[in-house]
Amino acid sequence: MTLVEASLANTSSAEKRIRQERKRTAHNRTQRTRIKTAVKKVSAAANATEAQQAFQEVSALLDRLASRRIIHRNKAARKKSQLARLLSQKD
């Protein structure tokens, strides 16, 4: 018995939706983890030039994920603002 069979789905289309949702959830979770790692890289940067380069990477990543609606666009803007403030303090 698979996980889909143990679910409450009554139709094959509902089972397929469950499979698709599991796949999407796993993918989106990895994308959100990438954000956390990239943000930590900016915070842990040794000097201003490394921090600036890491900030550019995380900024692009946040914009990309916001455009794909993996994260909310306001969250992306908030994170970029927080990191820019942190970056200006490192200088």
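Only the coordinates and a few stated rules stand behind these numbers; no lab work does. None of the values given here were measured: they were computed from a predicted structure.
What to note about this one:
- The convex hull around the C-alpha trace of the chain, projected and averaged over every direction, spans 7.4 square nanometres.
- Here Lys23 is the anchor, and the aspartates and glutamates within straight C-alpha reach of less than 20 Å, apart from those fewer than 8 places off in the same chain, are Glu5, Glu15.
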